[in-house]
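Report on the structure given below.
The values are calculated or read from the model by the stated rules, or taken from the named source; none is laboratory data. Computed from a prediction, not measured in an experiment: that's the story for all the values here. So basically every Cβ, Gly included, is an ideal-geometry build from the backbone, and we count neighbours across all protein chains shown. The area values use the complete protein model at the heavy-atom level, side chains included, leaving out ligands, DNA and RNA. Shrake-Rupley method; radii C 1.70, N 1.55, O 1.52, S 1.80 Å.
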Amino acid sequence: YDAASPASVAAALGGARESARRARETVSTEMWEAINTTWNSVRGGRLQRMRPATAFKLIRERCAVISGTADSTMSHDEGWHFLTLGRSLERVDMTARMISTAAVTAGSQSAWPNVLRGCGAHHAFVRTYGGVVSDRDAVEFLLLDRLFPRSVVHTLTIAEDALAQLDP
(Lines give C-alpha, C1' and ligand atoms only; values in the text may rest on other atoms or scores of the structure.)
Protein backbone atom coordinates (compact mmCIF):
# COMPACT_ATOMS: atom_id res chain seq x y z
CA TYR A 1 0.00 0.00 0.00
CA ASP A 2 2.88 2.36 0.73
CA ALA A 3 3.50 4.43 -2.38
CA ALA A 4 6.96 5.33 -1.02
CA SER A 5 8.06 1.68 -0.77
CA PRO A 6 9.53 0.39 -4.06
CA ALA A 7 8.24 -3.11 -3.22
CA SER A 8 4.60 -2.09 -2.91
CA VAL A 9 1.82 -2.57 -5.45
CA ALA A 10 0.90 1.11 -5.14
CA ALA A 11 4.48 2.19 -5.94
CA ALA A 12 4.69 -0.19 -8.91
CA LEU A 13 1.45 1.20 -10.34
CA GLY A 14 2.63 4.77 -9.77
CA GLY A 15 5.92 3.95 -11.50
CA ALA A 16 4.14 2.32 -14.43
CA ARG A 17 1.88 5.33 -14.82
CA GLU A 18 4.78 7.79 -14.68
CA SER A 19 6.80 5.73 -17.18
CA ALA A 20 3.83 5.54 -19.54
CA ARG A 21 3.28 9.29 -19.20
CA ARG A 22 6.91 9.94 -20.16
CA ALA A 23 6.69 7.56 -23.12
CA ARG A 24 3.40 8.88 -24.53
CA GLU A 25 4.73 8.73 -28.10
CA THR A 26 5.31 4.99 -27.71
CA VAL A 27 2.34 4.01 -25.56
CA SER A 28 -1.01 3.70 -27.31
CA THR A 29 -3.93 5.79 -26.10
CA GLU A 30 -5.75 2.59 -25.11
CA MET A 31 -2.79 1.39 -23.07
CA TRP A 32 -2.43 4.77 -21.36
CA GLU A 33 -6.12 4.67 -20.48
CA ALA A 34 -5.80 1.13 -19.06
CA ILE A 35 -2.81 2.13 -16.90
CA ASN A 36 -4.37 5.41 -15.80
CA THR A 37 -7.70 3.74 -14.97
CA THR A 38 -5.87 1.17 -12.85
CA TRP A 39 -3.87 3.82 -11.06
CA ASN A 40 -6.98 5.92 -10.40
CA SER A 41 -8.82 2.89 -9.01
CA VAL A 42 -6.20 2.31 -6.30
CA ARG A 43 -4.81 5.76 -5.46
CA GLY A 44 -5.70 7.67 -2.34
CA GLY A 45 -5.75 4.57 -0.12
CA ARG A 46 -8.52 2.77 -2.01
CA LEU A 47 -6.41 -0.37 -2.32
CA GLN A 48 -5.71 -0.39 1.42
CA ARG A 49 -9.41 -0.27 2.24
CA MET A 50 -10.12 -3.42 0.19
CA ARG A 51 -9.93 -6.94 1.56
CA PRO A 52 -6.56 -8.40 0.48
CA ALA A 53 -8.15 -11.06 -1.74
CA THR A 54 -10.26 -8.41 -3.49
CA ALA A 55 -7.27 -6.08 -3.89
CA PHE A 56 -5.08 -8.80 -5.40
CA LYS A 57 -7.87 -9.91 -7.73
CA LEU A 58 -8.34 -6.33 -8.93
CA ILE A 59 -4.60 -5.88 -9.53
CA ARG A 60 -4.26 -9.24 -11.30
CA GLU A 61 -7.21 -8.44 -13.60
CA ARG A 62 -6.04 -4.91 -14.35
CA CYS A 63 -2.51 -6.13 -15.12
CA ALA A 64 -3.99 -8.63 -17.58
CA VAL A 65 -5.98 -5.81 -19.21
CA ILE A 66 -2.86 -3.63 -19.48
CA SER A 67 -0.76 -6.48 -20.87
CA GLY A 68 -3.40 -7.52 -23.40
CA THR A 69 -3.97 -3.93 -24.43
CA ALA A 70 -0.25 -3.41 -24.96
CA ASP A 71 0.02 -6.54 -27.10
CA SER A 72 -2.97 -5.64 -29.23
CA THR A 73 -2.59 -1.86 -29.64
CA MET A 74 1.16 -1.15 -29.74
CA SER A 75 3.26 -1.51 -32.85
CA HIS A 76 5.52 -4.49 -32.34
CA ASP A 77 8.59 -2.33 -32.74
CA GLU A 78 11.58 -1.70 -30.48
CA GLY A 79 9.44 -0.25 -27.65
CA TRP A 80 7.19 -3.29 -27.62
CA HIS A 81 10.20 -5.63 -27.67
CA PHE A 82 11.66 -3.84 -24.63
CA LEU A 83 8.28 -4.13 -22.89
CA THR A 84 8.13 -7.85 -23.73
CA LEU A 85 11.69 -8.37 -22.53
CA GLY A 86 11.01 -6.60 -19.23
CA ARG A 87 7.75 -8.48 -18.66
CA SER A 88 9.49 -11.78 -19.39
CA LEU A 89 12.37 -11.11 -17.02
CA GLU A 90 9.93 -10.05 -14.30
CA ARG A 91 7.90 -13.25 -14.78
CA VAL A 92 11.00 -15.45 -14.58
CA ASP A 93 12.12 -13.65 -11.43
CA MET A 94 8.75 -13.96 -9.70
CA THR A 95 8.25 -17.60 -10.71
CA ALA A 96 11.73 -18.49 -9.44
CA ARG A 97 11.05 -16.69 -6.15
CA MET A 98 7.77 -18.53 -5.68
CA ILE A 99 9.43 -21.88 -6.45
CA SER A 100 12.23 -21.19 -3.96
CA THR A 101 9.71 -20.19 -1.28
CA ALA A 102 7.74 -23.39 -1.81
CA ALA A 103 10.94 -25.44 -1.73
CA VAL A 104 11.67 -24.09 1.76
CA THR A 105 8.17 -25.07 2.96
CA ALA A 106 8.07 -28.31 0.95
CA GLY A 107 6.60 -30.37 3.81
CA SER A 108 3.38 -28.36 3.78
CA GLN A 109 0.35 -29.88 2.03
CA SER A 110 -0.59 -26.54 0.49
CA ALA A 111 2.83 -25.20 -0.56
CA TRP A 112 2.81 -26.35 -4.20
CA PRO A 113 -0.91 -25.91 -4.91
CA ASN A 114 -0.59 -22.34 -3.58
CA VAL A 115 2.46 -21.66 -5.76
CA LEU A 116 0.66 -23.04 -8.81
CA ARG A 117 -2.34 -20.80 -8.05
CA GLY A 118 -0.06 -17.83 -7.43
CA CYS A 119 1.50 -18.33 -10.87
CA GLY A 120 -1.90 -18.78 -12.51
CA ALA A 121 -0.80 -22.33 -13.30
CA HIS A 122 -3.13 -24.54 -11.27
CA HIS A 123 -5.67 -25.21 -14.01
CA ALA A 124 -3.02 -25.81 -16.69
CA PHE A 125 -1.09 -28.08 -14.29
CA VAL A 126 -4.18 -30.18 -13.53
CA ARG A 127 -4.88 -30.52 -17.26
CA THR A 128 -1.30 -31.66 -17.85
CA TYR A 129 -0.62 -33.86 -14.81
CA GLY A 130 -4.05 -34.73 -13.41
CA GLY A 131 -5.31 -33.77 -9.97
CA VAL A 132 -2.44 -34.97 -7.78
CA VAL A 133 0.20 -32.35 -7.05
CA SER A 134 3.65 -33.70 -6.26
CA ASP A 135 6.60 -31.44 -5.51
CA ARG A 136 8.56 -32.81 -8.46
CA ASP A 137 5.70 -32.44 -10.95
CA ALA A 138 4.89 -28.89 -9.83
CA VAL A 139 8.52 -27.77 -10.09
CA GLU A 140 8.94 -29.50 -13.44
CA PHE A 141 5.80 -27.80 -14.80
CA LEU A 142 6.76 -24.33 -13.57
CA LEU A 143 10.32 -24.62 -14.81
CA LEU A 144 10.16 -26.68 -17.99
CA ASP A 145 6.71 -26.69 -19.59
CA ARG A 146 7.19 -25.24 -23.06
CA LEU A 147 3.48 -24.49 -23.59
CA PHE A 148 2.57 -22.74 -20.32
CA PRO A 149 3.18 -18.98 -20.73
CA ARG A 150 4.54 -18.45 -17.21
CA SER A 151 6.94 -21.38 -17.07
CA VAL A 152 10.58 -20.37 -16.84
CA VAL A 153 11.51 -22.07 -20.14
CA HIS A 154 8.61 -20.53 -22.06
CA THR A 155 9.20 -17.08 -20.61
CA LEU A 156 12.95 -17.19 -21.28
CA THR A 157 12.18 -18.20 -24.87
CA ILE A 158 9.99 -15.10 -25.22
CA ALA A 159 12.77 -12.96 -23.70
CA GLU A 160 15.30 -14.47 -26.08
CA ASP A 161 13.04 -13.72 -29.05
CA ALA A 162 12.62 -10.11 -27.90
CA LEU A 163 16.39 -9.73 -27.55
CA ALA A 164 16.92 -11.18 -31.03
CA GLN A 165 14.53 -8.58 -32.48
CA LEU A 166 16.29 -5.65 -30.80
CA ASP A 167 19.11 -4.04 -32.72
CA PRO A 168 22.44 -5.19 -31.24
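The table below lists the values:
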quantity	calculated
Listed residues L116, L144 arranged by accessible area, highest first, probe 1.4 Å	L144, L116
Sorted largest first, extent of segment 37-125 alpha carbons per principal axis (Å)	46, 34, 21
Coarse-grained scattering of the chain at q = 0.10 Å⁻¹, given as base-10 log I(q)/I(0) from a Debye sum over alpha-carbon atoms	-0.45
Residue with peak Gaussian network fluctuation, the chain [Cα springs, cutoff 10 Å], from E90, E25, E61	E25
Heavy-atom accessible surface of the chain: percent carbon and sulfur, 1.4 Å	56 percent
About the Cα centre, charge dipole magnitude for the chain (Lys/Arg +1, Asp/Glu -1 at Cβ), debye	880 debye
Qualifying trypsin sites (Lys or Arg not before Pro) for segment 9-42 [loop in DSSP, other Cβ within 10 Å: at most 12]	R24
Dipole moment magnitude, nearest 20 debye, segment 22-95 about Cα centre, only Lys, Arg, Asp, Glu C-beta charged	640 debye
Dipole of the chain, positive direction: furthest Cα of M50, A121, T73, with charges on the beta-carbon	M50
Among A121, A53, A70: highest mean-square fluctuation, GNM of the chain, C-alpha pairs under 10 Å	A53
Estimated distance in nm for a label pair at N114 and S8, the labels positioned 7 Å out from Cα along Cα-to-Cβ	2.4 nm
